[in-house]
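The block underneath contains the structure these notes are about, expressed in structure tokens.
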Amino acid sequence: MDGDTQAYHRFLTGVTPQLRLLAVRRCREMGAPASDAEDIVQEVLLAVHLKRGTWDMSRPIGPWLSAIVRNKLIDTLRRRGRHGSVPIEDVMEILAADERTDATDRLDAEQLVDRLKPPQRDIVRAISLEGAGVKETAERLKMSEGAVRVALHRALKALAALYRSDVREDR
Amino acid sequence: MKTDELISLLSVDAPVRRRLGQALAVALVVGVVISAVLLIGTVGLRHNLVSVFETARVLFKIGFTLLLAGVATLLAARIGRPDASARRPALLLLLPLASLVAAVAVELAVLPEEAWAASWEGAHAAFCVFFIPVLSLAPLLGILWAMREGAPRDPGLAGAAAGLAAGAIGGALYAWHCPDDSPLFVATWYTLGILIVASLGYLIGRRLLRW
């Protein structure tokens with residue numbers, strides 16, 4: 001977590017299956033579409049990322065991680081709970097929608113990325129969707145590497161805020 | 001965006017820029033400097049500061065507010081971590097509280113009964129309740145800004161702790177001007193001013209510190 005990109009990548013990839021399991025279970029309890037589970041996973045990952053400065057490295061990571069996850073899950077539950085219960089027809093539809101999960105989550109998140117401001121959006125596109133490196137992106141956009149890094153960090157914060165407001169308004 | 005694409009995106013942003021503790025330290029220094037300038041620039045320091053500084057009452061007034069500020073800051077920093085228990089710093093709040101109770105008891109024992117009301121009322125009670133929150137504003141905004149780096153389980157509580165710390169800092173600064181030294185005065189009007197700031201912190205924190 002001290003700036004070692006590869007170790008950090010391994011860590012995030014390692015915790016994701018477990019997060020997905022929790023998210024799917026939570027969606028089932030709430031009667032939310034299973035396609036929402038991947039949204040929750042991404043939202044939790046963003047929270048883990050943006051709040052990683054609150055982890056005291058002398059303490060075990062487990063309790064910290066579960067505290068973050070619990071907070072985010074409670075959050076999603078609260079946001080949906082406000083709009084009452086879900087009719088049974090929807091649940092049937094959800095079951096049918098199960099297999100489409102992959103396509104829909106890609107669409108949802110891409111809509112959020114669209115709402116970012118231009119330089120942030122281009123950077124997110126280049127790095128996540130096209131797999132470009134920071135250096136390459138910086139050259140392409142004629143920015144310094146430092147500026148790209150700062151813009152990326154802001155974009156992630158904006159993305160997390162969009163996730164929150166999006167779910168709150170739409171459902 | 002697929003989840004593994006998001007993960008690649010996040011790992012590019014791997015280095016931690018700011019830790020909660022560092023942000024808090026910066027916020028405190030900046031907030032205290034702004035409020036100190038505000039105090040000196042408006043009402044000024046107490047003119048007989050040097051001569052009264054050694055009296056027990058003045059020492060208590062400054063010591064109590066500083067102690068409260070320290071404990072409340074510790075509490076705010078702890079609440080900002082999602083996995084840390086805030087129970088011990090919360091219990092530490094009993095320390096300033098006990099010292100306040102003890103000082104009031106001593107004051108009541110030392111003063112003749114006829115003097116109680118005058119000491120309690122002081123000379124500038126209303127101004128004190130107004131000016132402590134004013135002096136707390138810069139530290140409050142600073143601490144809340146720093147706490148945005150945090151991940152509190154209860155945003156309202158985190159805001160209240162930030163407000164308590166900021167209010168106590170405001171009180172500690174105001175003590176350099178305030179001519180009312182009786183613990184009876186401090187226990188009533190200082191506490192009232194500090195609690196106003198803590199409530200304000202609660203209200204702001206509930207909205208601002210959600211994540």
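The values are calculated or read from the model by the stated rules, or taken from the named source; none is laboratory data. Here the structure is a predicted model, which means the values were calculated and not measured. Please note: Cβ atoms are built from the backbone with ideal geometry, for glycine as well, and neighbour counts cover all protein chains shown. Note: accessible area is taken over every heavy atom of the protein model, side chains too, but ligands, DNA and RNA are not part of it. Shrake-Rupley method; radii C 1.70, N 1.55, O 1.52, S 1.80 Å.
Key figures
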| item | result |
| --- | --- |
| Residue that is within 24 Å of B:ALA84 (Cβ to Cβ) and touching a Leu at 6+ places or on another chain (Cβ under 8 Å), where the choices are B:LEU184, B:LEU173, B:LEU135, B:LEU140 | B:LEU140 |
| Condition broken by B:LEU137, with the remaining ones in (1) within 18 Å of the chain's Cα centre (by Cα); (2) within 14 Å of chain A (Cβ to nearest Cβ) satisfied | (2) |
| Qualifying positions in segment B:188-205 - open to solvent by 60 Å² or more (accessible area, probe 1.4 Å) and small (Gly, Ala, Ser) | B:SER199 |
| Residue in segment A:117-139 that is in a loop (DSSP other than H, G, I, E, B), open to solvent by 80 Å² or more (accessible area, probe 1.4 Å), assigned by TED's automatic domain parsing to the domain that holds A:LEU152 and modelled with pLDDT under 80 present | yes |
| Those residues of segment B:18-32 which are at the interface with another protein chain (Cβ under 7 Å from one of its Cβ atoms) and either in contact with a Phe, Trp or Tyr (Cβ under 9 Å, 6 or more places away or on another chain) or open to solvent by 80 Å² or more (accessible area, probe 1.4 Å) (or both), in sequence order | B:ARG18 |
| Members of segment B:88-140 found to be aromatic (Phe, Trp, Tyr) and under 21 Å from B:SER35 (Cβ atoms), listed by number | B:PHE127, B:PHE130, B:PHE131 |
| Yes/no for A:SER35 being within 17 Å of the chain's Cα centre (by Cα), surrounded by fewer than 21 Cβ atoms within 10 Å (Cβ to Cβ), at pLDDT 80 or above and not assigned by TED's automatic domain parsing to the domain that holds A:ALA160 | no |
| Within segment B:57-94, tally of residues that are farther than 16 Å from B:ALA172 by Cα and assigned to a helix (DSSP H, G or I) | 13 |
| B:LEU140 of a type outside the set (Ser, Thr, Tyr), buried (at least 18 other Cβ atoms within 10 Å of the Cβ) and either out of contact with any helix residue (DSSP H, G or I) (no Cβ under 7 Å at 6 or more places or on another chain) or within 20 Å of B:PHE60 (Cβ to Cβ) (or both) | no |
| Test: residue in segment B:35-55 that is at pLDDT below 85 and within 14 Å of another protein chain (Cβ to nearest Cβ) | no |
| Which numbered condition B:ALA36 fails, given (1) open to solvent by less than 50 Å² (accessible area, probe 1.4 Å); (2) assigned to a loop (DSSP other than H, G, I, E, B); (3) touching a residue at least 24 places away in the same chain (Cβ under 8 Å); (4) not hydroxyl-bearing (Ser, Thr, Tyr) | (2) |
| Qualifying residues in segment B:115-124 (those that are surrounded by fewer than 17 Cβ atoms within 10 Å (Cβ to Cβ) and among the hydrophobic types (A, V, I, L, M, F, W, C)) - the one nearest to B:LEU24 (Cα to Cα) | B:ALA123 |
| Residue check, B:ALA118 within 18 Å of the chain's Cα centre (by Cα) and either assigned to a helix (DSSP H, G or I) or basic (Lys, Arg) (or both) | no |
| Tally, over segment B:63-86, of residues that are under 17 Å from A:SER66 (Cβ atoms), open to solvent by less than 30 Å² (accessible area, probe 1.4 Å) and either more than 14 Å from chain A (Cβ to nearest Cβ) or touching a residue at least 12 places away in the same chain (Cβ under 8 Å) (or both) | 1 |
| Criterion (over 19 Å from B:THR42 (Cα atoms) and not in a loop (DSSP other than H, G, I, E, B)) met by exactly one of B:ALA138, B:ALA172, B:ALA166, B:ALA126 | B:ALA166 |
| Lone unmet requirement of (1) at pLDDT 80 or above; (2) assigned to a loop (DSSP other than H, G, I, E, B); (3) under 17 Å from A:ARG164 (Cβ atoms) for A:SER58 | (3) |
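Matching residues to (1) facing chain B (nearest Cβ under 10 Å); (2) at pLDDT 80 or above; (3) exposed (fewer than 13 other Cβ atoms within 10 Å of the Cβ):
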residue: A:ASP2; (1), (2), (3): yes, no, yes
residue: A:VAL24; (1), (2), (3): no, yes, no
residue: A:ILE40; (1), (2), (3): no, yes, no
residue: A:TRP64; (1), (2), (3): yes, yes, no
residue: A:ARG78; (1), (2), (3): no, no, yes
residue: A:GLY84; (1), (2), (3): no, no, yes
